[in-house]
Every structure is written in C-alpha cells, then in structure tokens.
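Visitor: Have a look at the structure that comes next, please.
The values are calculated or read from the model by the stated rules, or taken from the named source; none is laboratory data. On a predicted model such as this, the values are computed, not experimentally measured, just so you know. Positions of Cβ are backbone-derived with ideal geometry, glycine not excepted, and every protein chain shown enters the neighbour counts. We work out accessible area using only protein heavy atoms, side chains counted, and drop any ligands, DNA or RNA first. Shrake-Rupley method; radii C 1.70, N 1.55, O 1.52, S 1.80 Å.
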Amino acid sequence: MTEDKLTTLQGTLERLTFHNEENGFTVARLKGQGGGEKPITIVGYLSGVPVGSTLSLSGWWVQDPRHGRQFQVQHYSLDRPNTLNGIERYLGSGLIKGIGPGFAARIVKRFGLATLDMLEKHPDRLAEVEGLGKKRIIRIKEAWLEQKNIHEIMVFLQGHGVSATYAVKIFKTYGVDSLKIVRTNPYRLAEDIWGIGFKSADRIALSLGIALQDSGRARAGLLFVLDEAAGDGHCYVEQPGLINLCQKLLNPDDELSGLRNIITAAIASLDADGKIVVDQDRVYLASLFYAERGVTGSLSLLSAGRGLFPSQHFEDALHRIARIMNISFAPEQQDALRVAMQNSVTIITGGPGTGKSTLLRAVVLVLKERGLFVELAAPTGRAAKRLAEACGHEARTIHRLLEYDPSLRGFKRNGDHPLRADLVIVDEASMLDIALANSLFKAIPHGASLLLVGDVDQLPSVGPGNVLHDCIEAGVFPVVRLTRIFRQGAGSLISLNAARINNGEQLELLPEYRGIKDFYFISREDPEEIEKEIRSLCGGRLQKSFGFDPLRDIQVLTPMRKGVIGADNLNLVLQQALNRNAHGFTAGSLRRFLVNDKVMQIRNNYEKEVFNGDIGFIAAIDEEDHAVTIDFDGRQVVYAESDLGEIVLAYAITVHKSQGSEFRCVILPIHTSHYSLLQKNLLYTAVTRGKKLVILVGSYKAVAMAAKNNKQEMRNSRLRERLQECLNHQVRSEKGLRF
C-alpha cells in the first residue's frame, strides 16, 4: 500500500542493505538529520551514493507486506555531510581513491568540519596529515576533482537505472562533454560504452522527450538488433526479419502506425552513411560485410600460390623427419603431410588424439630443414602455449602475431605491412570468427602458404561467422580429415567417447569415478543433487583420488549460465567451497571477488591484452583504490573498479567459453532442464576439453538426448557461397589462359 502524499526527507545514509550493480536499485538505512530518530528503510535507484552521504529525498511512504513501512525514493540530491562522523564515513566509503577509513579518520581529525572545504579549495594542505605522501596526495586531488565531475552525471542518470560503474565509464569516454553528449544523443552510449545496451539508452532518450517514432531511435534500434544477431554468430539478418525484430523492439505494444516505413527509411539511411550494407535482401553491419568479403579475397589470392615443397623430394624428407621424431607415420598422416606441403591453402581437421600436433611438428621440422620461415598462431594464449610445446617452435596468439596497437585501435600487420613468413599455421581454427580471420588472412604475404588446423565438429566460434566450417563446405580447398586415434592408450575413453558422440553411437558410461579409466558418469536426477555432487568432487574427492588441484586442474563446464546447475550459481557455490580467503572486494550485490579467485575475461580488451575467454587468478586486491590485480599465466593485469564488469568468476564456465582450452579434469553437469542446449556438438566440445579425466554428472536421458541431437546452430553467413563463386571463377579463368 502506498500513501498518496509526496513527502520530503533529509538524513545520512547509514548502511547499504542491498545494491544491484546492474541497475542501481538500492535498499538502505537512513538516519534523520537530528540523529535521535531511529533509522528508516529507503528503497529506490540510488547510483553512486556512498555510506555517510547526506541526502535530500522526495517520494512516498509504502507498506511492504514482508518488510513493513519503507520510503520509496522518487528523486534525490546529494548534500555534503555536516557532521564529523558523516564526513569521515563519506571520505572513507571508497568514493575517493587513495582515502580509506584509516586516512579518512586522520584527515577529519586534522581539519574537522572544514575538511570538505579544504579539499575543494586548498587540497595541498593534505600534506599536514601524518602519513600522506606526495604521490598519495596527488592521487587524492585527482580523484576529488574526478568525483565532482562524475557526480553530476550520476545524479542525471539516477532515474534511468544506470549504475555508478557505468557513470564512471561514461566520464572516462567523453570527459567534460559527458552530459552534453548524453543529453543530445543518448543512443551513443549503446555504441560507445560496453555494458550499456540499447534499452538503457532508450530509457534515457524517451525521458528526455525523444519521440517513439524518431528516426534516430529507429537507426539505433536497427544497429542494436544487428549487433545482437552478431552476438549470436550471424553475419547478416534478412531484411524482412530485421524489420520485424526492430518493430518488436521499438513498439512492443503495437500501437505505432507507420513504424515499418520509418524502419525501412532508417535502413536506407544507415546504408547511405556506411554503417550497414544491404546486399540483396541481406543486411550486414558494415564491418562484417567487408570482413566476409575480405576473407574471400585473401583466400583467393593465397590459393593461387604454389606449395612449399617439390613433390619429387617429399619422400626423402618424410623419412628423415620420421627418423628425427623417432616415429613411423601412418598412411593417413603421410597423405596429410603431402597435401599440406604441396598446396598453398590446406585444412586439417580431426578430433582429440588423431595426431594433429604430431603432423604440425613434422611440418615445422620439414620447413626448417629447407630454411623456410614458419609462424605458429592460435586464438587464445593457452592454445598458443600448447602449440609451442607440441611443435618445439614459438607460437603466439593471433592478436600478438598481428601486433595489436591500442593507440591505433588496430593491428600493425596488414596488407600493407604483412607478416614475414613462408607458412602460417593456425591451430584451433574452429575458434576463428569472420573479423579476426579477415585481419589475419590479409596480413599473410603473397606467395606464402596457410595451414588451418582444427576440429570442425566442435561448437562454432563465439564471434560471428563459421569460418572453418564454411571453408571446408565450400569444397575449394584441400581438406584432410583425420579419424584414427593415436593419442591416449587403448584404455582411454575420452577419445573413444568423443568419436562415438560424432558417430551418433551410444557412449560407454562407467558408473563410478574411482579407478584407472579417464571417463566416468555419476547418475543424479535432481539439479540440487547434481550441485551437491559437483561441490563434493571439487571440494576434495578428486584431489584425494587423483591428485588434482581443485583450482588449477579441475574445470566445471556447463551448458548454460542460469539455474541451479548453471555457471552463475555454481560459481557462488564453488567459491564458497574452495576459497576461504577473507580478503575481498564487493562489486555489486552478487559480485564478491576474493584473493585467489579463479576468474575469466568476457570481452576482448586490447589495451590490457586480455581476451574473451582468458582465465586467470586474483593475485591482489587494493580495497582503498578498489583495484584488482589478476594473474593471467604469469602476467599481472590491474583492473580498476569500472573495469570489473569484464570479469566473472570461472570456477564454472559455459561450454562455449571453454573453446580452445584444455583442462586436466572436466566435470560436466548434464540434465534435461538444459533441453534447448542439449546438442551433439556441445557435448562433444565439452568432452574434448578434458585431457586426463572427464566426469559427467546428471541423467542418462540428458546424455542420450545430447548425443542424438545432431541439429546444429545455423549461422547467417555467405562465406561458403562467396568462396565457391570466387575460386571456381578463378579456376575457370586459369583454364582459359592455358588454352
């Protein structure tokens, strides 16, 4: 029940009971200005308000059925605290980097009620406080000035559900022009600020008076729909479907007449501005259209080259390399080597244990013997490290190979400044999305060769496109599919079950995880029981039985994020079970980070050189500066509080995020509640991530459903057709020249 009368209150924020970092919704305790009254509960959207703040509020009293009488905040303004305790709590709340509770107490003790005026007008007087050095004083002065500027933004955004974290990002992006840009074109936020989507920007725009049928709103909606489609792996959306999706986004209540015409006009406008490309009835984001066309052109040029090894000398070289490696190549391996050596673009695909790494080592040795230069690359750091170990030759991530330059916001290596290489080998090529493939292929010099190696039966890339699959399906490049299993002993079930999944056969599921096998199934029908079993396995049983480090060796993979056995909940459960470190940092109501936490980057950050899917461990937390230091395979990377939206806990991750990685032990919860995601390639990808041990925990029915479901996610891409059109035309032209 809500009282009708609009009421105003003033008081000091005593405690945050609940704060949602995503939308700023807050439940807090407020103490009246007089200090004698009991604290009251206030609820509303209070972004960036620290404990100790003095607030002026307007709103209504409500009677909550569960929590009693509360004050529902409609508007608020932040006043300077005017008591010693209020000033001390205000400064020590973390609002100003460099001032924690300890230094806040010292500063207030020295300057009393004049503290905030001193910071405003005479900040150099901080030198009078014992323990504050020159560097810290400079940091405090800069932080005080910055928080003054961003507070105006925070207040402006308070009713729009934009959190304090994003207000800081807005200020870092636009600086002193922040408010001007937000007020004149709020849709820029969705384009420029990672984490702020169209819906948040649209809320702001509508509240500022932008009409529902505004052409700028339609343009922003179209770009959002196309970007969402790219996030689902699509390079384009067919125009009728795009118009329907955009109309649903902009007009969910179906009350606007003429909206389809406005959207159609916006498509033409964006096409004319070069933001999108309309190709027949397909609508692309411009970057994806040119990437798709660029990959076609680059591969066409590369395929016109000659192989690296004359056929008449191949047999002698093969025998020499076999002696050096002390192995005997199987017939299909010999064929694969011959194809790779004698063609300018070659694809090798196969499951785990089929000898891909052995072949790559042989290729490197053969070409080194001839004095040729080989570059090895993989999409992720861990995959590059494995590739280097397998081949005995330096391997780099594709981003490092292409020399990404943050100042240029692009790669130094390109068509004008190509790589120095006779052969470029790309491992884990199934992870290549269309944009990264375009950047890589155009940097390969004319006359060089390309060898793509990967497992096409895995899930497709996280980014848009399906490059490896499309290159194989085009039928214009030599493709070698390896099927014979060499790696892992005859008693291994990981490779055997992976092959059975691919063939649609019944898996061999052993009912107990103890013993000498490397693949087990633990039957549990209830999601809560699956969660309990996983916690027990990670919490000590596997370490005791197999010697696995719970954090470094074991990885829980799950089909989805939500639910009891989704990644979000399992991360909280496993963090509680595996990390008892008390030193931590709270970034939002459910985002508690602790020293030693296992975490994962969820977007490419070129400036930090950390990429989507990279896993690290929290090495240190600075509670005063609200900074987190993360160790990524020996490299220390510092995250400010505003960057922590790029990091999630990684005790459990989705199967999609595991691509390109290997783990000594993989645990996969699998249940019929995952129905929409129970597909053969997802189960196959999860199983093939395990190196020493794979454990499925769940129901037989769910395993059978996944193994039988051969339905693959279809992605909108024209790469296959473009390659066929371009390469077949090229062959016809060459034949014509011969005559």
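Visitor: Taking amide H positions as placed in the peptide plane 1.01 Å from N, state which residues far from residue 493 in sequence (5 or more) or on other chains have amide H under 5 Å from it.
Guide: Residues meeting the criterion, in which the H sits 1.01 Å from N, are 518, 519.
Visitor: Between 0 and 90 degrees, rounded to the nearest ten: what's the tilt of helix 719-738 against the longest Cα principal axis of the chain?
Guide: Rounded to the nearest ten degrees, it is 40.
Visitor: Additional query: If you project the alpha carbons of the stretch 521-648 onto their three principal axes, what span does each projection cover, largest first, in Å?
Guide: Projected onto its principal axes, the Cα set of the stretch 521-648 covers 45, 30, 27 Å.
Visitor: Further question: Name the shape class, rounded, prolate or oblate, that the alpha-carbon gyration tensor gives for the stretch 74-117, where a ≥ b ≥ c are the square roots of its eigenvalues, rounded holds for a/c under 1.5, and otherwise prolate holds if a/b is larger than b/c and oblate otherwise.
Guide: Note, shape of the stretch 74-117 comes out oblate.
Visitor: In the chain, what percent of the accessible surface is made up of carbon and sulfur (1.4 Å probe, ligands and nucleic acids excluded)?
Guide: Summing carbon and sulfur atoms, their accessible area is 49 percent of the total for the chain.
Visitor: Aspartates and glutamates near residue 680 by alpha-carbon distance under 15 Å, same-chain residues fewer than 8 away left out - which ones?
Guide: Within the straight-line limit of under 15 Å, residue 680 reaches these aspartates and glutamates: 455, 457, 505, 713.
Visitor: Pairs 169/199; 97/598; 248/708; 657/691; 97/608: which exceed 23 Å Cα-Cα? Please report the intermediate quantities before stating the final value.
Guide: Working: 169/199 17 Å; 97/598 25 Å; 248/708 35 Å; 657/691 17 Å; 97/608 21 Å.
97/598; 248/708, as the Cα separations exceed 23 Å there.
Visitor: Then there's this: 5 Å is the cut-off here: which amide hydrogens, built 1.01 Å from N in the peptide plane, fall below it relative to residue 556, excluding neighbours closer than 5 in sequence?
Guide: Residues meeting the criterion, in which the H sits 1.01 Å from N, are 653, 667.
Visitor: Rank these by accessible area, largest first, 1.4 Å probe: 166, 404, 290.
Guide: 290, 404, 166
Visitor: Determine the order of 518, 281 by accessible area, beginning with the largest, at a probe radius of 1.4 Å.
Guide: Largest to smallest exposure gives the sequence 281, 518.
Visitor: Label the stretch 405-493 by shape, choosing from rounded, prolate and oblate, from the square roots a ≥ b ≥ c of the eigenvalues of the Cα gyration tensor; if a/c is under 1.5 it is rounded, and otherwise prolate applies when a/b is larger than b/c, oblate when it is not.
Guide: prolate
Visitor: What number, rounded to the nearest 500 deg cm²/dmol, is the helix-based mean residue ellipticity at 222 nm of the chain, given -39500 (n - 2.57) per DSSP H run of at least four residues and division by all its residues?
Guide: -12000 deg cm²/dmol
Visitor: Further question: Report, by chain and number, residues whose modeled amide H sits under 5 Å from the one on residue 404, excluding near sequence neighbours (fewer than 5 apart, same chain).
Guide: 412
Visitor: Just the accessible area per residue of the stretch 355-496, please: how many Å² with a 1.4 Å probe?
Guide: Heavy-atom SASA per residue in the stretch 355-496 reads 38 Å².
Visitor: Rounded to the nearest 10 Å², what accessible area does residue 641 have for a 1.4 Å probe in the complete protein model?
Guide: We get 60 Å² for residue 641.
Visitor: Could you pull out the trypsin sites (Lys or Arg not before Pro) across the stretch 498-584 that fall in loop regions by DSSP (anything but H, G, I, E, B) with no more than 13 other Cβ atoms inside 10 Å?
Guide: Passing both the DSSP loop test and the Cβ count: 514, 552, 562, 580.
Visitor: Hey, another quick one. Give me the 1.4 Å probe accessible area per residue for the stretch 240-338, excluding ligands and nucleic acids, in Å². Intermediate values should be presented prior to the final figure.
Guide: Numbers: 5190 Å² over 99 residues.
Accessible area per residue, the stretch 240-338: 52 Å².
Visitor: Let me know the shape class of the stretch 404-444, please: from the alpha-carbon gyration tensor, a ≥ b ≥ c as square roots of the eigenvalues, rounded when a/c is under 1.5, otherwise prolate if a/b is greater than b/c, or oblate.
Guide: oblate
Visitor: A further question on this structure: Checking the cross-link filter: which lysines have an alpha carbon closer than 28 Å to that of residue 368, excluding same-chain neighbours under 8 positions apart?
Guide: 356, 385, 412, 442
Visitor: How large is ³J(HN,Hα) for each residue in the stretch 124-136, as worked out from phi by the Karplus curve 6.51 cos²θ - 1.76 cosθ + 1.60 (θ = phi - 60°), to whole Hz, x for Gly and Pro?
Guide: Going residue by residue, I get 5, 5, 4, 4, 6, 8, 4, x, 8, x, 4, 5, 5 Hz, with x marking Gly and Pro.
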